[in-house]
Amino acid sequence: MDFPTSIKTCFSKYVDFKGVASRSEYWYFALFNALASILISTLSQSLGSLFSIGVLLPSIAVGVRRMHDRNLSGWWILLPVFNLVQSCMTTVPTSRWSSGTFSASGQGRTCPNGHPVPDHSDNYCPSCGAPLSQ
C-alpha cells in the first residue's frame, strides 16, 4: 500500500475497529500524523491541537486493526498507557517519616560503611551487618 492510499484508507475507516491493517498502512499513517502535526503546530498551536484531536480516533482505529493483523486483541494498544501509569506510581517519593531511615530531628543515621540505617534497627546494619556504635 502506498502513502496516499494508506491515508485515505485510514480516514475512510476512522471508526472501523474490525478487520486488519497492513504494516505499511499503519506506519504511513503514523508518518503522516507526525509530519502533519509538526507542520501544523509550527503554523498555529491551536490548529495543531485541533489536528491532534481530529486524528485521535483514526489513530486508535488503525492501531487496533494492526493488532488484529498480528492475531492479537485490540486492547494491546493500551499496554504503553499501562506502563506509563505504573512507572509514575513507582517513582512517587516516600515521606522521610515513613521510610524509617531518618530520626525525628531529620538527621539520617548511617553505619560505619555509609549505609543508611533505620532508627528502629538493632546493633547491626541491616545492609552490610557492620556493628553500630551506640
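The values are calculated or read from the model by the stated rules, or taken from the named source; none is laboratory data. Since we're looking at a predicted model, the values are computed, not measured. Reconstructed Cβ throughout: ideal geometry from the backbone, glycine too, with neighbour counts over all protein chains shown.
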Show the residue pairs meeting these rules: Cβ distance below 8 Å; 6+ apart or different chains; first residue within segment 37-62 and under 23 Å from residue 78 (Cβ atoms); second residue of a type in the set (A, V, I, L, M) and loosely packed, with under 12 Cβ neighbours inside 10 Å. 57/15; 61/15
In segment 84-134, which residue that is more than 36 Å from the chain's Cα centre (by Cα), modelled with pLDDT of 60 or more and among the hydrophobic types (A, V, I, L, M, F, W, C) is surrounded by the most Cβ atoms within 10 Å (Cβ to Cβ)? 125
Only one of 79, 84 is out of contact with any Leu (no Cβ under 9 Å at 6 or more places or on another chain), more than 20 Å from residue 34 (Cβ to Cβ) and among the aliphatic types (A, V, I, L, M); which? 79
Does residue 81 meet the test of being assigned to a helix (DSSP H, G or I), surrounded by fewer than 13 Cβ atoms within 10 Å (Cβ to Cβ) and of a type outside the set (S, T, N, Q)? yes
